[in-house]
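The values are calculated or read from the model by the stated rules, or taken from the named source; none is laboratory data. No experiment lies behind these values; they were computed from the predicted model shown. For neighbour counting, all protein chains shown are included, and Cβ atoms are generated from backbone atoms with ideal geometry for every residue, glycine included. Side chains are part of the model used for accessible areas, which takes the heavy atoms of the whole protein and leaves out ligands, DNA and RNA. Shrake-Rupley method; radii C 1.70, N 1.55, O 1.52, S 1.80 Å.
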Amino acid sequence: MNASGPAVSPSSARGSSMSGSATSGSSAPGLRTALTRLRVPRRPVNLARQAVLRLANVGLTGAYAAYRVHPAVWRFTARHYRPEMERFAKLNAWMICQNASLDVPAYQDHLARNDFEFRWWDLANYTPTSKDEYVRMYAEDDRCWHGRIETVGTVVDESSGSSGTPFNWMRSKNELRTVHKNVAGYVTLLFGSRDLFCINAFSMGAWATGTNTGQAMSKIAMVKNTGPDLTKILDTMRHFGPRFTYLISAYPPFLKHIVDAMDAEPEYWDRYRMNGFVGGEAMTEGLRDYVERRFDRVYSGYGASDLTIGMAGESDLSVTIRRALSEDPAFRAELLGAHESRVPMVFQYNPLETYLETTEDHELVVTINSRSVMSPRLRYNIGDEAKLVDFPTMVALTRKYPEIAAACSAAFREQRMRLPFVLLFGRADSTISYMGANIYPLDVENGLYRNNPWAHLLDGFRIELTDIGALENRPTIHVHLREDAPLTGHEAVDTDALAARISAGVVEHLASVSRDFAQSLEEDPTTADIRVEVHPHGTGPFAEATGKIKNVYLVKKD
């Protein structure tokens, strides 16, 4: 079920190349001059049509501002959303694109190069944008409304560089205000706001998501921006004691580090109430189960530096659906297709804020429905693979499976979000293929924690396909031990036993979720030969820091 409207033709996103395009994440010098020189002359535009569209856009912007006025209004909207409202969201996306065609120099040129002709109400008529086909092609100011950068109050965010060279992304004062209100509304729906103390463990560097998270949380909680400093976090919680409900925002693996540290004093930390809010990378259900030994609830949010933070988020209901996809092959086949073995992240999103579509290749296309975005995101193809499902369709699918339906009803009871779902598979650039099956980092992570008594000693992992000679390859999982993992004495880690447990856990998990892998395992026992190399902290492929905020899951080849 695609709840997004017309599919996007991937070929329509490809415009003519422009000389001097950027290769370092910023536009090349002199590109503004080149844009002015190369822009295709525009035909006269109906002034009355312009006036009507501008006035309508102002009205829509005002209506949107009303439901962001307070987190309680945001929660009310999320709980009373109806599928018919998607038509309103799509209309606003169309108006944002149409106004950009009049007032954003880069988008004017982008459309002209793709032979754009105006058509009323046809969102699919507007040429999609992307990092390569749009961002690299045009200077920052040309991608802003009226070709102007608002400097006062604007914050520059830097992408992590996980897809290549880091990029800079500008966010205006008004845009940030909108983002903070949306995040505050979502967080209070999940965790409430009574006695809430947010410890923000996201990086506080150029990756501005950490800073924005702290600012958003300050609207509904007491906040301390510690960054990923384990000692500082634990010292803070000791100082303030168990009277607060702590909400720790961080990358998923960092929550595991917190749990491992607290396990050294279990009785002391049992007195504390903690929840987790994670982002930046997918989280497995195995890791969620692991950290929820101490955290009451842990949810993921979905965002991107290219677009905005808080585009979508988990709920009790979405987590229940994801667990059902992992545990029930029939339900997974019903929702994702008979040949899909992957289990995506499952989020709910608000089309009034972020209008989503998918291409014929199932790539996610995003339009941010806000005029406050200084450099508007217009049918932006982020490159993530996804599937969209509206709320009534998801309800109808779960009702075919009584146990799943009962679990979903129980999960829905408290938060009651009626927003549609985006099922996110992410990018397929961190996988290895083996015996006809793709092995994803999520699969490996699930295996790491599967009945593993040494899980608390693990700091991370990377995967590669290794040549073992005789024209054969085997998957190899490189495991990184924590710095305090004992290597000598009677408590020393039995690395052979650890490697065997991880290999068995990954094989068991793959056999349960991947039909291709299970079939290969049945036909060829060597399929189970997944090798594991255990590395002391800071050695092997982990000897050099990557310089990136996000985890790297593939071994870099020379």
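Structural remarks
- Extension gain from F76 to T466, taking 0.36 nm per residue of separation minus the Cα-Cα distance: 135.1 nm
- R194/D289 FRET efficiency (R0 30 Å; Cβ-Cβ; nearest 0.05): 0.65
- Each residue of the stretch 125-132 was assigned a 3J(HN,Hα) from its phi angle through the Karplus expression (A = 6.51, B = -1.76, C = 1.60, θ = phi - 60°), giving 6, 7, 4, x, 10, 7, 4, 6 Hz with x at Gly and Pro.
- Among beta bridges identified by DSSP and lying wholly in the stretch 188-347, the antiparallel ones come to about 10 percent.
- Largest accessible area first, the residues T236, T320 order themselves as T320, T236 under a 1.4 Å probe with ligands, DNA and RNA left out.
- The slack in the chain from T231 to E544, taken as 0.36 nm per residue of separation less the alpha-carbon distance, amounts to 110.4 nm.
- Across F88, F331, the residue with the most accessible area heads the list, and the full order at a 1.4 Å probe is F88, F331.
- Taken as Cα centroids, the stretch 90-140 and the stretch 356-387 sit 12 Å apart, rounded to the nearest whole angstrom.
- Subtracting the Cα-Cα distance of F240 and A406 from 0.36 nm times their residue separation leaves 55.8 nm of extension gain.
- Per-residue HN-Hα couplings for the stretch 333-340 [Karplus 6.51, -1.76, 1.60; θ = phi - 60°; Hz; x = Gly/Pro]: 5, 5, 8, 10, x, 5, 9, 9
- Loop-located trypsin sites (Lys or Arg not before Pro) across the stretch 211-311 with a Cβ neighbour count of 10 or fewer within 10 Å are R271, R293, with loop assigned by DSSP.
- Of the residues F116, F76, the one with the largest accessible area comes first in the ranking F76, F116, computed with a 1.4 Å probe on protein heavy atoms.
- Amide H to amide H distances under 5 Å link L247 with F197, C198, I199, N275, where only residues 5 or more positions off or on other chains count and H is placed in the peptide plane.
- Spherically averaged projected area in nm², based on the convex hull that wraps the Cα atoms of the stretch 102-199: 9.6 nm²
- Under-5 Å amide H pairs with Y81, H placed in peptide plane, nonlocal only: R418
- Using C-alpha pairs below 8 Å separated by at least 6 residues, the relative contact order for the stretch 167-217 is 45 percent.
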